[in-house]
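Trainee: Here you go, one structure.
The values are calculated or read from the model by the stated rules, or taken from the named source; none is laboratory data. It should be emphasised that the depicted structure is a prediction, and the values quoted were computed from it without experimental measurement. Cβ sites come from the backbone with ideal geometry, for glycine too, and all protein chains shown count toward neighbours. Ligands, DNA and RNA are stripped out before the accessible areas are found, and what is left, the full protein with its side chains, is counted by its heavy atoms. Shrake-Rupley method; radii C 1.70, N 1.55, O 1.52, S 1.80 Å.
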Amino acid sequence: MRMPDVNPAFPRKPFNARGSKVSRCENCRLPESCCICSALRHTQAAADFWLLMHHNEFYKPSNTGRLILQSFPSAGVSEWQRLSMAVEFEALLQQRPGDACLVFPEAPDYSHRMVRDVSELSARPLFIIPDGTWRQARRIFRHSAYLQDLPVIEPEVLQHSRYFLRKSDTEHHLCTAEVAVALLEQLGDREGAEVLMHNFRLFNEGYYASKGRNLQVAEAPPA
């Protein structure tokens, strides 16, 4: 069954951090002079993804969950709420009760919920990813009663993160896009993983290029 249609446009609020005055592409959120939209690739992945996004992440240009939405047409997103589910997310869980699997590192208190072999998953799994900083993601995982009965899978981390726009206290932590890449690789979906990694590399390159230009306000592209 097809996932509900969700408008991938991110809600807006005043963004007051460094770079807030920059004229940005509405889709990739990079400065217009470094826009990557025309080079982004798309495909149908072997799994579906749903992001439970902390409200702060909707406005951050450094968010990589957006790349999952841009890479895979079936991916969706809703804002995380502690006490209730977004209507579209609740409908999705009702439609696909045997497919949903929460993505999070293993811990002893929920080891009985862990999926340790992808052969245990449904033919087309639905991966639910808490999207935020590590602290925010842990809060989403721990403080959402409606998630506590779902099986949990921990992505296999085969290499260090290539995401350097934010710092993590733990070296094995991946950004959201890298988590999805790792899951697709575990499923044997080489094409899906490569498409998302391609877009992730473009994003990193575009972001670093914008930093090199000092994020000048409404800067015209060099002639």
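Trainee: Go through the range 112-135 and give me each residue that's surrounded by 15 or more Cβ atoms within 10 Å (Cβ to Cβ), under 22 Å from Ala86 (Cβ atoms) and at pLDDT 95 or above.
Mentor: Scanning the range 112-135 gives Pro125, Leu126, Phe127, Ile128, Ile129, Pro130, Asp131.
Trainee: On the basis of being among the hydrophobic types (A, V, I, L, M, F, W, C), open to solvent by less than 20 Å² (accessible area, probe 1.4 Å) and in a loop (DSSP other than H, G, I, E, B), does Cys28 make the cut?
Mentor: For Cys28, the condition - among the hydrophobic types (A, V, I, L, M, F, W, C), open to solvent by less than 20 Å² (accessible area, probe 1.4 Å) and in a loop (DSSP other than H, G, I, E, B) - is met.
Trainee: Residues of the range 47-65 being crowded, with 20+ Cβ neighbours inside 10 Å and touching a Leu at 6+ places or on another chain (Cβ under 9 Å), which ones?
Mentor: Those that are crowded, with 20+ Cβ neighbours inside 10 Å and touching a Leu at 6+ places or on another chain (Cβ under 9 Å): Ala47, Asp48, Phe49, Trp50, Leu51, Leu52, Glu57, Pro61, Thr64, Gly65.
Trainee: Six or more apart or on different chains, Cβ atoms under 6 Å: show the pairs whose first residue is in the range 172-192 and more than 18 Å from Ala123 (Cβ to Cβ) and open to solvent by 30 Å² or more (accessible area, probe 1.4 Å) and whose second is at pLDDT below 95 and polar (S, T, N, Q).
Mentor: Within 6 Å, the pairs are Leu174/Ser161.
Trainee: Still on this structure, please answer the following. Quick one: Ser119 ticks every box in (1) within 23 Å of His55 (Cβ to Cβ); (2) not in a strand (DSSP E or B) except a single one, so which number is it?
Mentor: (1)
Trainee: Testing Glu156 on (1) touching a helix residue (DSSP H, G or I) at 6+ places or on another chain (Cβ under 7 Å); (2) open to solvent by less than 30 Å² (accessible area, probe 1.4 Å), one condition comes back false. Which one is that?
Mentor: Going through (1) touching a helix residue (DSSP H, G or I) at 6+ places or on another chain (Cβ under 7 Å); (2) open to solvent by less than 30 Å² (accessible area, probe 1.4 Å) one by one, Glu156 breaks only (2).
Trainee: Within the range 90-110, is there a residue that is open to solvent by 50 Å² or more (accessible area, probe 1.4 Å) and touching a Phe, Trp or Tyr at 6+ places or on another chain (Cβ under 9 Å)?
Mentor: Within the range 90-110, one or more residues are open to solvent by 50 Å² or more (accessible area, probe 1.4 Å) and touching a Phe, Trp or Tyr at 6+ places or on another chain (Cβ under 9 Å).
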